[in-house]
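What follows is a short report on a single structure.
Any read-out appearing in this document is the output of simple, stated calculations on the displayed coordinates, not a laboratory observation. Keep in mind that this is a model prediction, so the values were computed, not measured. Cβ placement follows ideal geometry from the backbone for every residue including glycine, while neighbour counts extend to all protein chains displayed.
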Amino acid sequence: MYSLRRLILLLFVLFCGVTARAQDAPVGPPPSTAPAPGTVASSGAPTIASPGAGPTQPIAFSHKKHIGEAKMGCNDCHEPSRNGSTLAMPQPTKCMLCHAAIATDKPDIQRLAAMAKNEENVQWVRVYRVPSFVSFSHKTHTTAGSQCQDCHGPVAEREVIAKEKDLSMGGCISCHAQKAAPTTCDTCHQLNSVQLHQPAIDSDTRLVALLMRKSVTARDSLRQFLAPMAMPATLAAGLRP
């Protein structure tokens, strides 16, 4: 029968296995281009060194024109929902509150008008996506003083939005640590019996170190860490690439 400590680690593996499959990217410290500790408070999550081009959206939308030039606020288009914990993607009926009288000769605006009339939604391509197993509240972060650009980058300067901020587990923990925000597991994750097991997980410096390694994924790190423990076949299978 497994000891409590081993059971804790095995449960954590299940979580990390799902994490790696959902977003199979290295979980580690911020890139070498991350701001120095003294500047993190103003820049938020670490910046990705080479973000690449943003996706092509079904309707062209310039954040630079709307926010940088027209001085609109993020909430003017991204309406808060669930008591402010989430922000909705703008849909044609929202757009037409302004564009019923602005730039009505533009083809994209005419498309939006037709979609609003037919009660159709725009299938926006998400740039950032919060995994289902992560609890994230915009209201909690903005109430604490975070700015939109802390997690989304300088959108007011961009015609096309690309993923410029490292919102991996390592990136989020880096920002939290620099701002003295909580970094325990239950800050962002709802795990079974987390209150019971949290002290043991937090005190295991080997586990935390493996999660923060940049060279391998959390799944691979934890597989190596737990290899000598004779994991049950079902758990071992869940950790395979």
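Some observations on this one:
- In this structure the amide hydrogen of Glu79, modeled in the peptide plane, comes within under 5 Å of the amide hydrogens of Ala88, none closer than 5 places in sequence on its chain.
- Given in Å, the Rg to one decimal and the Dmax to the nearest whole number for the Cα atoms of the stretch 46-156 are 15.3, 44.
- For the residue pairs Lys106/Lys163; Lys64/Lys179; Lys71/Lys94; Lys71/Lys117, the alpha carbons lie more than 21 Å apart in Lys106/Lys163; Lys64/Lys179; Lys71/Lys117.
- Magnitude of the charge dipole, the stretch 35-142, Cβ model with Lys/Arg +1 and Asp/Glu -1, debye to 20: 160
- Gyration tensor (Cα) of the stretch 79-139, equivalent ellipsoid semi-axes in angstrom: 28, 13, 10
- With K and R counted +1 and D and E -1, the other residues having a Cβ less than 13 Å from that of Ala144 yield a net charge of +1.
- The distance separating the Cα centre of the stretch 44-81 from that of the stretch 135-175 comes to 11 Å.
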